[in-house]
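Peer 1: This is the structure I have questions about; it appears just below.
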Amino acid sequence: MSLVNEVTKNTSGNWIKKIVIISIILWTSYFGYSYFLGDTNTAEVKELKTYTVSSWNLKTSIESDGKITLKDELNLDFINPGIIQSILKKEWDEVKKWEIIASLDTTYLDLAIEKAQIALKTAEANYNFKKRWATTDELNISEKQLESSEASYDSTLSQTDMDIKIAEDNYKISQENLENTKKQTEINTLSTTNNLDSLWLDLSTATNNLNLIASQEQEKYENTQNKLLMEGGQLITIIEKNLFDIDSLLGVSDANKAVNDSYEIYLGAKNTASKTIAENSYREAKNEFDTFYADWKIFRQNTDLSQLGEYALRLKNVSSLANKTLNYTVEILKNSITSSSFSQSSLDSYQSNFENALSNLKNETALFAWTLQATGEAKTSMDFKIRTAKDLIVTLEQKVKIGKTTVQKTSLENEVALSLATQKLEQAKIALENARVKKDTALTKEESQIAISKSLLESKKWADLLELEPLYM
């Protein structure tokens with residue numbers, strides 16, 4: 001079946017189906033309209049139009065033009081121009097690989113080859129002739145120039161190798177120097193850091209020692225002060241008793257004037273002036289003691305140990321006055337006379353008691369003076385040790401400050417040293433690279449000179465040959 005008939009058949013069938021479907025739709029629409037919208041009471045019948053359905057054929061023509069070409073096309077020609085001698089294949093013939101399609105006439109090519117062969121033989125003859133007559137001196141000069149170039153090359157090679165060796169040694173030394181510098185900077189940093197840490201430790205220890213020394217020395221000082229207070233109290237009691245006993249004997253105070261009326265006349269009878277001296281001494285000692293004791297009681301109510309030294313000196317002075325009064329009292333007894341009311345035994349007993357009191361007062365005063373001195377020494381020792389500890393702390397603080405500065409200085413010096421060592425290494429590296437480049441450049445130059453010398457030598461040998469022209473053209 002042709003393409004046109006196939007198209008016509010398919011088109012006719014489709015149109016028939018369309019016409020049937022359209023007819024069904026029209027009839028359905030009409031009856032639906034009449035049923036739902038039409039007036040059922042009207043007897044009027046609407047006029048209907050009738051269409052006749054028919055079929056026909058559709059024809060379509062397809063036209064196109066084009067050109068049929070081969071997949072691969074080759075243009076065949078000869079490398080050299082010439083006259084075609086024969087063509088062995090015609091159009092549309094099958095050609096196999098390596099088959100000859102056409103050939104040129106070789107008459108002129110054969111003549112050209114023969115001419116070239118004659119020219120070659122002529123050139124060889126001229127070369128042999130010229131070669132025999134080459135100048136020996138020129139060849140010698142060229143050979144010497146070549147030898148000189150080769151010697152210069154060897155010298156340059158030796159010198160540049162030596163320069164590279166020196167540069168390599170310097171580079172190696174710079175590397176070792178950099179490594180040694182790194183190690184040394186680490187040692188320096190560690191040393192200064194350890195020294196600073198040690199100083200910090202010493203400073204901490206010194207601070208702790210200061211607190212310990214201050215505590216210990218303060219305790220010692222307070223112990224001696226407490227001992228001085230105790231001995232001062234004992235000495236006050238002794239002085240008070242001695243003054244009371246002296247007053248009881250001499251009857252200086254109003255309360256005791258009537259006590260010695262029975263024997264007062266006999267006291268110091270051998271030297272009446274001694275009694276007056278003793279009484280005046282008593283009054284002085286008593287006044288000083290009463291004044292001191294009144295202040296002492298106030299002091300003891302709220303003890304301020306910082307004032308203890310002052311009171312101790314005052315008590316020592318009172319003790320000295322009491323001691324002097326006892327001495328005068330003993331002298332009075334020695335200058336007294338006995339009577340029925342003042343027996344020798346009573347006199348001896350008084351004298352013995354006051355001598356013992358004098359001795360006891362001296363001992364207690366000496367002990368008090370020693371304790372007072374010990375207290376002063378404890379204070380001096382405490383102040384000295386605390387001052388020494390503080391001075392040590394100040395010294396260590398200065399050393400720590402110097403240590404910090406040293407660490408910073410060492411760090412800066414290390415940076416400078418490492419920077420210099422690194423720069424030297426870079427310089428040595430550059431020098432080594434330059435030496436290698438210099439060697440390559442120099443050797444290239446020398447090799448070029450050798451090549452020139454060889455070329456000159458060859459040109460001397462072949463100059464005449466190069467100037468020859470073929471005899472046959």
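Peer 1: Given the Cα-Cα distance of residue 205 and residue 114 and 0.36 nm per residue of separation, how much length would full extension add, in nm?
Peer 2: On the way: separation 91, 0.36 × 91 = 32.76 nm, distance 11.70 nm.
That works out to 21.1 nm of additional length.
Peer 1: Follow-up question, since we're still on this one. For the range 189-340, count the residues as N, evaluate 2.2 N^0.38 Å, and divide the Cα radius of gyration by that value, please. It would help to have the intermediate numbers written out before the result.
Peer 2: On the way: Rg = 27.0 Å, N = 152, 2.2 N^0.38 = 14.8 Å.
After normalising by residue count via 2.2 N^0.38 Å, the value is 1.82.
Peer 1: How large is the charge dipole for the range 155-473, taken about the Cα centre, if only the Cβ atoms of Lys, Arg (+1) and Asp, Glu (-1) carry charge, to the nearest 20 debye?
Peer 2: 420 debye
Peer 1: Also: Using the basic label-point model (7 angstrom from Cα toward the beta carbon), what is the residue 105 to residue 381 distance in nanometres?
Peer 2: Result: 14.7 nm between the two label points.
Peer 1: R0 = 45 Å: FRET efficiency of residue 429 with residue 122, Cβ-based, nearest 0.05? Mind dumping the intermediate values first?
Peer 2: Numbers: r = 63 Å, r/R0 = 1.41.
The value I calculate is 0.10.
Peer 1: Please list, in chain and number order, the residues 5+ apart from residue 104 or on another chain whose amide H is under 5 Å from its amide H, with Hs placed from the backbone.
Peer 2: Those lying under 5 Å, H to H, from residue 104 are 85.
Peer 1: Using 0.36 nm per residue of separation minus the Cα-Cα distance, give me the extension gain between residue 454 and residue 402 in nm, one decimal.
Peer 2: Values: separation 52, 0.36 × 52 = 18.72 nm, distance 7.52 nm.
In short, 11.2 nm is gained.
Peer 1: Are there any trypsin sites (Lys or Arg not before Pro) in the range 246-275 that are in a DSSP loop and have at most 14 other Cβ atoms within 10 Å? List them by number. Could you put the intermediate results ahead of the total?
Peer 2: Working: sites: 257, 270, 275; in loops: 257, 270.
Taking the range 246-275 and a limit of 14 other Cβ atoms within 10 Å, the loop trypsin sites (Lys or Arg not before Pro) found are 257, 270.
Peer 1: For a label point 7 angstrom out from the Cα of residue 313 toward its Cβ, which stretches of the range 349-369 have the backbone nitrogen within less than 16 Å?
Peer 2: Zone members listed by number: 369.
Peer 1: Rounded to the nearest Å, what's the spacing between the alpha carbon centres of the range 253-326 and the range 172-251? Just the number, please.
Peer 2: 43 Å
Peer 1: Roughly speaking, what is the stretch gain from residue 284 to residue 91, that is 0.36 nm per residue apart minus the C-alpha to C-alpha distance, in nm to one decimal? The partial results should precede the final answer.
Peer 2: Values: separation 193, 0.36 × 193 = 69.48 nm, distance 17.24 nm.
Here the answer is 52.2 nm.
Just so you know, all these numbers are worked out from the coordinates, no wet-lab data involved. Quick caveat, the model's predicted, so the values are computed rather than measured. Neighbour counts run over all protein chains shown; Cβ positions are idealised from the backbone, glycine included.
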